[in-house]
Amino acid sequence: MRQDKVALYPGSFDPVTMGHVDIIERALRVFDRVIVAVAVNTTKSGLFDMEERVELIRKTFIDTPQVEVVSFSGLLVDYLRENKINTILRGLRAISDFDYEFQIASMNNSLSPDVDTVFLMTSQKYYYISSSVIKEVARFGGDISDIVPPPVYAALKDKFSKVE
């Protein structure tokens, strides 16, 4: 009896970008399922609340049943252990991401030795994208339509039209 290969892709996803979408779609070539885990980030105040972020990702992957979206708070390794998941998926944009991600992966492995972290490089056309940059460009009316999924584009337009 073969067990599904499942990866958990954690992040704040405020908002989800085409870089994230690229990582998830490419991960589905390796894994049977990808669980996108929207985390409570205690170091950042978000533009979108937890429920909005979860819903935007669900809308983005509405036609992809192999992608599940959940939210969680607390230690990632606790969530993994409770849900019997052994693989963390992380995306890397540049070498500067690697140092931080390596530290986190090492800590997670120290806390739970049966957990492995798999890194995928973001496709070259998305290297420059970050959620922070997207929010800043959207705030000032810049065109971000090709670097965020359609549900996110609509939500950002709506969010920032209320600010002005």
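Observations on the model:
- A cut-off of 5 Å between modelled amide H atoms, ignoring neighbours fewer than 5 places along the same chain, links Tyr9 with Ile35, Val36, Ala37, Leu89.
- The residues neighbouring Thr117, those whose beta-carbon lies less than 10 Å from its own, together hold a net charge of -1 under the Lys/Arg +1, Asp/Glu -1 convention.
- Folded to 0 to 90 degrees: helix 150-163 orientation relative to the chain principal axis, Cα: 50 degrees
- Rounded tilt (10° steps) of 50-60 against the dominant C-alpha axis of the chain: 90 degrees
- Positive-end extreme of charge dipole, region 92-149 - chosen from Ala138, Tyr127, Pro149 (charges on Cβ): Ala138
- Note that region 12-26 has calculated 3J(HN,Hα) couplings of 8, 6, 10, x, 5, 10, 5, x, 5, 4, 4, 4, 5, 4, 5 Hz, one per residue in order, obtained from phi through the Karplus relation 6.51 cos²θ - 1.76 cosθ + 1.60 (θ = phi - 60°); glycine and proline are x.
- Taking the Cα centre of the chain as origin and assigning +1 to Lys and Arg Cβ atoms and -1 to Asp and Glu Cβ atoms, the resulting dipole is close to 140 debye.
- Residues Ser123, Ser73 arranged by fewest to most Cβ contacts within 10 Å: Ser73, Ser123
- Ordering Phe48, Phe72, Phe13, Phe140 by the number of other Cβ atoms within 10 Å of each residue's own Cβ, fewest first, gives Phe140, Phe72, Phe48, Phe13.
- Leading residue at positive end of dipole, region 6-163 (Cβ point charges), from Thr17, Ala39, Leu28: Thr17
- In units of the rule-of-thumb radius 2.2 N^0.38 Å, the chain shows an alpha carbon radius of gyration of 1.03.
- Remark on region 50-105: hydrodynamic radius 13.6 angstrom, per the Kirkwood mean of 1/r across alpha carbon pairs.
- Neighbour-count order for Arg93, Arg29, fewest beta carbons within 10 angstrom listed first: Arg29, Arg93
- Extent of region 67-164 along its three principal axes (Cα atoms, max minus min coordinate, largest first): 48, 29, 22 Å.
- Annotation: amide H-H contacts under 5 Å for Met121 (H modelled 1.01 Å from N, sequence separation of 5 or more, or interchain): Leu92.
Every number in this text was worked out from the coordinates using simple rules, so none of it is lab data. As the structure is a computational prediction, the values presented were derived from the model and not from experiment. As a convention, Cβ positions derive from the backbone with ideal geometry for all residues, glycine included, and neighbour counts pool all protein chains shown.
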